[in-house]
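Student: Structure below; questions to follow.
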Amino acid sequence: MFHIYCPHCCEYREEEEFHASGQAHIPRPLDPDACTDQEWGEYMYFRKNPRGIHHELWVHAAGCRKFFNITRDTQTYEIKEVYKIGEQPSVVANSDQ
Amino acid sequence: MQHYSGFGLLKHSFSHHENWQRVWRNPTPKKKYDVIIVGGGGHGLATAYYLAKEFGVTNVAVIEKGFLGGGNTARNTTIVRSNYLWDEAAHLYEHAMKLWEGLSQDLNYNVMFSQRGCLNLGHTLQDMRDIERRVNANRLNGIDGEVLDAQQVQEIVPVLDCSDRARYPVMGASWQPRAGVARHDAVAWGFARGADAHGVDLIQQTEVQDLIIEDGTVVGVRTAQYGEIRADRVGCVVAGNSSVLAKMGGFELPLESHPLQALVSEPIKPILDTVVMSNHVHGYASQSDKGDLVIGAGIDGYNGYGQRGSYSTIEHTIQAVLEMFPVFSRVRMNRQWGGIVDTCPDACPIISETPVKNLFFNCGWGTGGFKATPGSGHVFAASLAKGEMHELAKPFSMFRFHNGALVDEHGAAGVAH
Amino acid sequence: MTSSSHTHGSQQSNRLQDGGRIDRSKTLTFTYNGKQYKGYAGDTLASALLANGVDIVGRSFKYSRPRGIVAAGAEEPNAIMQVGATEATQIPNVRATQQSLYDGLVAGTTNGWPSVETDLMEYVGKVGGKMMPPGFYYKTFMFPQSMWETYETYIRKAAGLGRAPKERDPDSYDKMNQHCDVMIVGAGPAGLAAALTAALAGARVIIADEQSEFGGSLLSSTETLDGKPASEWVTDVVKELATFDDVMMLPNSQVNGYHDHNFLTIQQHCTDQFADRAPNGQVAQRLHRVRAKWVILATGAHERPLVFGNNDVPGCMVANAVSTYINRYGVVPGNDLVLMTSNDNAYRTALDWHDAGRNVVAIVDSRKNPQGTLVDAARERGITIMVGSGVIDVQGGKRVTGVSIAPLNDAGDEVAGSIVKMKADTVASSGGWSPVIHLSCHTGARPVWNDDILGFTPGATVQKQLTAGAINGSFSTAQALLEGLSAAQDAVQLLGLTEVEVALPVTEEITESKAMALFHIPHTKPTAKAPKQFVDYQNDVTAAGIELACREGFESIEHVKRYTAMGFGTDQGKLGNINGMAIAAKTLNQTIPQTGTTIFRPNYTPVTFGAIAGRDCGALFDPERYTAMHSWHVEHGAKFEDVGLWKRPWYYPKANETMQDALNRECVATRESVGILDASTLGKIDIQGKDAREFLGRVYSNAWAKLPIGKCRYGLMCGEDGMVFDDGVTSCLGENHFLMTTTSGGAAHVLEWLEIYHQTEWPELEVYFTTVTDHWATMTISGPNSRKLLEKITDGDVSKDSMGFMDWKTMKVAGIPARVFRISFTGELSFEINVQANYGLHVWKALFEHGEEFNLTPYGTETMHILRAEKGFIIAGQDTDGSVHPFDLGLSWAVAMKKPFSFIGKRGMQREDCVRPDRKQLVGLKTIDPKVVLPEGAQGVLDPNAPIPMPMVGHVTSSYWSANLNRSIAMGFVKGGLEKMGEKVFYPLADGRVIEAEICNPVFLDPKGERQHV
């Protein structure tokens, strides 16, 4: 069970206070109407889903209600870093470098 | 293939069981196959079996990175049912159900398919509306089922708390008598033995490190031990690891791999004859032939390949089960474990062609793949044999996530005024 | 068989006159299989049974062979009991070696018929057992197909161990969340040394041990520390630890799971170790949920028995267990001992047995030339040592009567000489020790084989975990103490605390010779033909079974495990797994590390479901949410409906009314005069900020740019896929201030939806969301007399001219400041009165005080559903299911395609599949027979005579008897339905009826909407 540092509350809290909200860094297309069905489908549904380093969105649902990002190893479940929305990760998978 | 029977057991007992044949060979792979199936779980092995037996394609290899049936096949709670809501899903799962009925005989391997029935409980008015809707659809699709009230549910499962003491009292249930459970390992082993007997090479402990793609067409796979193994067609049936394989093919899938946990109690004397599931209190239970209560619930919310999840999920699951079965309070949990389930946005599988020619995927079964094992294998085998998707598989193309033709088995998510 | 003539007096024929940690002044009476026995305080159920000469404690699973106690702790596979004095307090599968004895304890064996002593199934097992190799059930019971479930019924009856109680658990269970610097698992020498070291450095420490007292192996050892009995050192350390405020000591507490990020679960036995049920006000067990900065695993090791012929006959025990019974419990479980060993350490058992005044028949050592302190001690006592030999078989049925001993070759895999038979009633065996690595595996670390200690040790981990003592293969007390100290010093340093020097006690100096790698003792016959050699007692897995599995091609150790069921018991293979892996490795011609090990999963030992659930069942399973007027509803006989977490009034039956009677009355009263609904449960989100309006335009499908202050508007909320997921009315309170309402069940989801878009997509918009659902009590008065009623108790002008439809105003209602919204979900003249929640009941009652003359009628959700259906209004979640967009619902008027911003859902609802003309669309349905009400969930077809599978066109979503219209009404989906007005749909029902209905406009009443505009 995860012990997660909330970058807004600046504290470690229990996983039960948080919700995972899927892959991070998926910007909504700026002009949806210009997207093809395929592009729109990829935005909505298609995911990296890596085994290993993963950047994901979490929300401190039972806390400050703020969303933030976590870089986590999906195999060992180690949290490598926590960073705010709008920031970029410093730990990235080799294949993404 | 050595025929199995009670008489055979008797005969072999005189020779101290020293003369049983191997269930499958341990072959060195050939350089080239007609079809390579990546993934030696239940679905992959079923695919190989039907390819060889039904469609005459015997030059087939199954390449498995671990041991046969060692992924979600080995970790699931073995529920088999076909009472799905939408026509496309219902037809697919019912196709599987029909194959389950008679599978032991077909494989000459007792997979212990036990049609002890499945109850899906309703605890709210909307639950009951959804149950009516689903059972009506099932009936008109030729799938058995009825809607029961709380009293009828109580008669089928005396140990279930149908009183008003519960936080969400049981209002009724859907009941599929033909549903049941099967012995998960035996399913994998039975298909493996059958496939091997038809000449399929089962290559264990061999990880596919890359797909070999030439001009947008897959021509084989690369492994550490055996280098390149070529094939005319490649079918990936790797469940939680599908996205990893897709990345080798240069595309993404609409999948997320989540931990799905399950647990068993210590073995106790028979107390629960049927499968009881509740979406609303979020837990389900059945009792194995060994006496273990086999218990499960939903996925953990985050992506995970670790074959383990969070303890809070286990706690919620057990709370749910005790809410349904208060007399289990003094029974003890023996063991918990986790699988990696590849969940699709519409809770339906992907059985599909891909952007790479001759590369096919069968994945996205999420939490419910076991019940489809023979059906999934059969339609995927038909598709691989012909290079064209089977009629039942067509609605489950990955490209439905482009055009929007989802088969949304999530249904209403508890929203109500 | 009772096996002692040495002790006198009590029934406890195997009890020594003195020695051990039991309190002979406190006699306890217990019942076992219906007979009364006596034991002492400090006993376990197992030690008391052995003291009383009870040999058989169970029957094996497959062959019904008699089984006795073999171990003294968590690894015991056989002594699995049904415990409980009453029906409600039954506990299945209690391990007798872990259950403290208490006065009045009632225990029994779980199988054997007519009794465990004389079990007729044994004969079935003897005859049929030959036909039951591993996996036999996969090979038979297949013909005829229809018979499997009959066979299965008998298989099920034979399986299982204990039984669940039939009554509710009278006990309760607690949970505690704990945080500490160092969590120490195991209070043996390593754990105690670690705890003391960490405590002295000022760390917050939790130390837990599964046994009833701290000390671990030292409790049953004759070793000395500082020249005194080791237990004295234990007492001193425990006393010292008790002086630290920040040290929590948990005996009787199993650490059962080690989860990610150093989260551990501990099951503490509070009263169930001492009482049949918890005394009033106490909990039976407590589950500690620990988050530790560092974890020190000092979990020790389990001794492995050796695998030889008939090694399951009662009287065959693990060597160290025998010592434990002698030294800790003052019980010698027999008279004539043969010790079979591959190592020096087990010699202690022969010494203990000898020193207890009993006869050691022989020590059988597989090694050719054992040397060392303990070997010398045995020689000094004149004990016969047979070197280079093994016990290959045991005689006896219900108790060992003799052994067959044979010389072995150097490798220990063949018999190399003639057999000697000796009389004995007890065979203690030791094949060495297996580190207790279970917890270290729980987070995914793979154990590593260590040839020096002939066992697996913990593998690399990402957890903040340290290990000390026997878990590392450091089996000597001296080494355990040292590693405990050093692990704690490491933790102290990593925590940034200051190390404090700790003096360790002086241990005895012992020299030992190397142990031999021996797991499976050969027989003169090949394994398949030799007497059964058990590896996993509980599941009747034999060496022959493992060899057969390998021969059949089950070569992965996971396959072996699954095919033979090795390690699947309630002991999870603590005794047998390593032996089994070694046998598999040998059969496959591999090394043990090549064969590998299966992975241990939580729990280390079984945990009571009740303890895991804690108090979170029944009313506490989910919180119950009540509105401010709940007590009134209860007083007025409301039936309640669960909506999300809320308890909402469903309908208010009066005496003798059926549900339909009540609904008819409520519906008619509302349309004829005025009804009132408690609408407080609707989600309410206060939205403020200069970009609030822009934001609304993005998340709702319709237009919001021009909604003036004082006005309300209905909005539809869609996902990016264009599918409707919630709806509600949002009101403009100020230029930068809106109040959004949501469905009752969807409120939390909508709030998170708004937040995620604001925080991740559009942080540049200045807008703030606050949930205010609980702040307001909301009561809707609806009906032609609603204005008249409101006028009686408000200071506001609610006349038609000053307060039009979809207007809202502040005013006082019953003297309380209120927001009143003129919105309608019934199609009637309606006012939704919102007051600060604490005043809700007051205002509600005031309305009733003034409502009598209008026959003000309370109505619940069901009448609300009927009234809105008469108007064709949808309910998100009932008339939607996540697969329908606004056009499917006929709500194109609520979609503003031309809004400048591409609102959420716009692109999704234009995908290829979403613009098909034959999509399922929501329409009204009128049954041809107006008296027949369609069942909700009925599936429509166009041709009722089509063969199965019938092509279905859509289902009925909402259907009611409308008392106002004196006919049934319904809404449902029909493929292409919006273009099929007037056409027929057929609904074939389960009872054989086919109901015919006509597709119509879903607005059944007042199609022009005049009633709400008065």
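Student: Of the residues B:N138, B:N120, which is at the interface with another protein chain (Cβ under 10 Å from one of its Cβ atoms), among the polar types (S, T, N, Q) and within 22 Å of the chain's Cα centre (by Cα)?
Tutor: Exactly one residue qualifies, and that residue is B:N138.
Student: In segment B:242-253, which residue that is within 9 Å of another protein chain (Cβ to nearest Cβ) and surrounded by fewer than 24 Cβ atoms within 10 Å (Cβ to Cβ) is nearest to B:M324 (Cα to Cα)?
Tutor: That would be B:V244.
Student: Further question: Search segment B:54-78 for residues being hydrophobic (A, V, I, L, M, F, W, C) and in a loop (DSSP other than H, G, I, E, B), and hand back the single one that is least open to solvent (accessible area, probe 1.4 Å). Show your work before the answer.
Tutor: First, the residues of segment B:54-78 that are hydrophobic (A, V, I, L, M, F, W, C): B:55, B:57, B:60-63, B:67-68, B:74.
Now restrict to residues that are in a loop (DSSP other than H, G, I, E, B): B:55, B:57, B:67-68.
Values: B:F55: 60, B:V57: 24, B:F67: 29, B:L68: 1 Å².
Restricting to residues being hydrophobic (A, V, I, L, M, F, W, C) and in a loop (DSSP other than H, G, I, E, B), the top hit is B:L68.
Student: When you scan segment C:599-684 for helices (runs of 4 or more DSSP H) that lie fully inside it, which ones turn up with 1 or more residues that are open to solvent by 20 Å² or more (accessible area, probe 1.4 Å)?
Tutor: C:630-635, C:659-672
Student: Another question, then. Return the residues of segment C:411-453 that are closer than 21 Å to C:N359 by Cβ and surrounded by fewer than 21 Cβ atoms within 10 Å (Cβ to Cβ); say none if nothing qualifies. Working first, answer last.
Tutor: Step one: filter segment C:411-453 for residues closer than 21 Å to C:N359 by Cβ, giving C:420-430.
Result: C:V420, C:K421, C:M422, C:K423.
Student: Quick one: count up the residues across segment C:868-923 that are among the polar types (S, T, N, Q) and within 41 Å of the chain's Cα centre (by Cα).
Tutor: Qualifying residue count, segment C:868-923: 3.
Student: Still on this structure, please answer the following. Tell me, please, whether a residue that is open to solvent by less than 10 Å² (accessible area, probe 1.4 Å), of a type in the set (A, V, I, L, M) and away from chain B (no Cβ under 14 Å) can be found in segment C:981-1003.
Tutor: yes
Student: May I pose another question? Cβ contacts < 8 Å: first residue on the phi > 0 side of the Ramachandran plot, restricted to segment C:210-221; second residue open to solvent by less than 50 Å² (accessible area, probe 1.4 Å) and among the aromatic types (F, W, Y), any location; separation 6+ or different chain. Result?
Tutor: Taking only residues 6 or more apart or on different chains, not a single pair turns up.
Student: Kindly provide the set of residues from segment C:788-803 that are free of Cβ contacts under 8 Å to residues at least 24 places away in the same chain and either open to solvent by less than 60 Å² (accessible area, probe 1.4 Å) or in a strand (DSSP E or B) (or both), ordered by number. Reasoning before the result, please.
Tutor: Pass one, segment C:788-803, residues free of Cβ contacts under 8 Å to residues at least 24 places away in the same chain: C:791, C:795, C:797, C:799, C:801-803.
Selection gives C:S799, C:S802, C:M803.
Student: Of all residues being among the hydrophobic types (A, V, I, L, M, F, W, C), out of contact with any Lys or Arg (no Cβ under 9 Å at 6 or more places or on another chain) and within 14 Å of another protein chain (Cβ to nearest Cβ) in segment C:276-312, which is nearest to C:L45 (Cα to Cα)? Just the residue, please.
Tutor: So, considering only residues that are among the hydrophobic types (A, V, I, L, M, F, W, C), out of contact with any Lys or Arg (no Cβ under 9 Å at 6 or more places or on another chain) and within 14 Å of another protein chain (Cβ to nearest Cβ), the one nearest to C:L45 (Cα to Cα) is C:A278.
Student: Among the residues of segment C:115-136, which ones are open to solvent by 60 Å² or more (accessible area, probe 1.4 Å) and under 35 Å from the mean Cα position of the chain (by Cα)?
Tutor: Passing the criteria: only C:M121.
Student: Can you work out which of the residues in segment C:843-863 that are open to solvent by less than 10 Å² (accessible area, probe 1.4 Å) and within 14 Å of chain B (Cβ to nearest Cβ) is nearest to the chain's Cα centre (by Cα)?
Tutor: Once the filter is applied, the top-ranked residue is C:T861.
Student: Among the residues of segment B:1-51, count how many are farther than 24 Å from B:S242 by Cα, within 31 Å of the chain's Cα centre (by Cα) and open to solvent by less than 60 Å² (accessible area, probe 1.4 Å).
Tutor: So the count comes out to 10.
Student: Go through the residues of segment B:154-166 one by one and say whether even a single one is in contact (Cβ under 8 Å) with a residue 40 or more places away in the chain, open to solvent by 40 Å² or more (accessible area, probe 1.4 Å) and more than 9 Å from chain C (Cβ to nearest Cβ).
Tutor: There is at least one residue in segment B:154-166 that is in contact (Cβ under 8 Å) with a residue 40 or more places away in the chain, open to solvent by 40 Å² or more (accessible area, probe 1.4 Å) and more than 9 Å from chain C (Cβ to nearest Cβ).
Student: Right, another one. How many residues are part of a helix (DSSP H, G or I) and not charged (D, E, K, R) if we restrict to segment B:5-45? I'd like the intermediate steps shown before the answer.
Tutor: Start the filter on segment B:5-45 by keeping residues that are part of a helix (DSSP H, G or I), which leaves B:6-14, B:42-45.
After this cut, where a residue has to be not charged (D, E, K, R) as well, the list is B:6-10, B:12-14, B:42-45.
Count: 12.
Student: Within segment C:74-86, how many residues turn out to be surrounded by fewer than 24 Cβ atoms within 10 Å (Cβ to Cβ) and in a loop (DSSP other than H, G, I, E, B)?
Tutor: 4
Student: Hey, another quick one. Residue under question is B:G235, and the condition is that it be at pLDDT below 95 and assigned to a strand (DSSP E or B); does it hold? Steps first, answer last, please.
Tutor: Details: at pLDDT below 95: no; assigned to a strand (DSSP E or B): yes.
So B:G235 does not fit the description; no.
Student: Of all residues in segment B:342-360 being among the hydrophobic types (A, V, I, L, M, F, W, C) and closer than 14 Å to B:S242 by Cβ, which is surrounded by the fewest Cβ atoms within 10 Å (Cβ to Cβ)?
Tutor: B:V356
Student: Looking at B:A285, B:A297, which is the one that is under 25 Å from C:A284 (Cβ atoms), more than 8 Å from every other protein chain (Cβ to nearest Cβ), open to solvent by 10 Å² or more (accessible area, probe 1.4 Å) and not basic (K, R)?
Tutor: Working: B:A285 fails: open to solvent by 10 Å² or more (accessible area, probe 1.4 Å).
Every option except B:A297 fails the conditions.
Student: Can you pull out every residue in segment B:311-335 that is within 7 Å of chain C (Cβ to nearest Cβ), surrounded by fewer than 24 Cβ atoms within 10 Å (Cβ to Cβ) and in contact (Cβ under 8 Å) with a residue 40 or more places away in the chain?
Tutor: B:P326, B:V327, B:R335
Student: Now a separate question. What number of residues within segment C:153-165 satisfy the criterion of being within 8 Å of another protein chain (Cβ to nearest Cβ), farther than 11 Å from C:G84 by Cβ, touching a residue at least 24 places away in the same chain (Cβ under 8 Å) and surrounded by fewer than 23 Cβ atoms within 10 Å (Cβ to Cβ)?
Tutor: Selection size over segment C:153-165: 1.
Student: Restricting to helices (runs of 4 or more DSSP H) lying wholly in segment C:500-595: which have 3 or more residues that are in contact (Cβ under 8 Å) with a residue 40 or more places away in the chain and either open to solvent by 20 Å² or more (accessible area, probe 1.4 Å) or within 18 Å of B:H17 (Cβ to Cβ) (or both)? Break it down stepwise before answering.
Tutor: Details: elements: C:543-551, C:557-564, C:577-587, C:592-595.
Those helices (runs of 4 or more DSSP H) span C:543-551, C:557-564, C:577-587.
Student: While we're looking at this one, here's another question. Can you give me the number of residues within segment A:6-49 that are at the interface with chain B (Cβ under 7 Å from one of its Cβ atoms) and part of a loop (DSSP other than H, G, I, E, B)?
Tutor: Qualifying residue count, segment A:6-49: 3.
Student: Sticking with this structure for a sec: Here are some conditions: (1) under 30 Å from C:P900 (Cα atoms); (2) crowded, with 20+ Cβ neighbours inside 10 Å; (3) more than 13 Å from the chain's Cα centre (by Cα). A:Y77 meets all but one. Which one does it not meet?
Tutor: (1)
Student: Out of C:A705, C:A747, I need the residue that is within 14 Å of chain A (Cβ to nearest Cβ), among the small types (G, A, S) and touching a helix residue (DSSP H, G or I) at 6+ places or on another chain (Cβ under 8 Å). Which one?
Tutor: Exactly one residue qualifies, and that residue is C:A747.
Student: Can you confirm whether segment C:952-965 contains a residue that is over 45 Å from the mean Cα position of the chain (by Cα), away from chain B (no Cβ under 14 Å) and under 20 Å from B:R133 (Cβ atoms)?
Tutor: Initially, segment C:952-965 is screened for residues over 45 Å from the mean Cα position of the chain (by Cα), giving C:962-965.
Filter once more, so that each one left must be away from chain B (no Cβ under 14 Å): C:962-965.
From what is left, the residues that are under 20 Å from B:R133 (Cβ atoms) are none.
No, segment C:952-965 has no match at all.
Student: Looking at C:T443, C:T467, C:T426, which one is among the hydroxyl-bearing types (S, T, Y) and under 23 Å from C:P189 (Cα atoms)?
Tutor: Exactly one of C:T443, C:T467, C:T426 is among the hydroxyl-bearing types (S, T, Y) and under 23 Å from C:P189 (Cα atoms), namely C:T467.
The values are calculated or read from the model by the stated rules, or taken from the named source; none is laboratory data. On a predicted model such as this, the values are computed, not experimentally measured, just so you know. All Cβ positions, even for glycine, are placed from backbone atoms using ideal geometry, and neighbour counts span all protein chains on display. The area values use the complete protein model at the heavy-atom level, side chains included, leaving out ligands, DNA and RNA. Shrake-Rupley method; radii C 1.70, N 1.55, O 1.52, S 1.80 Å.
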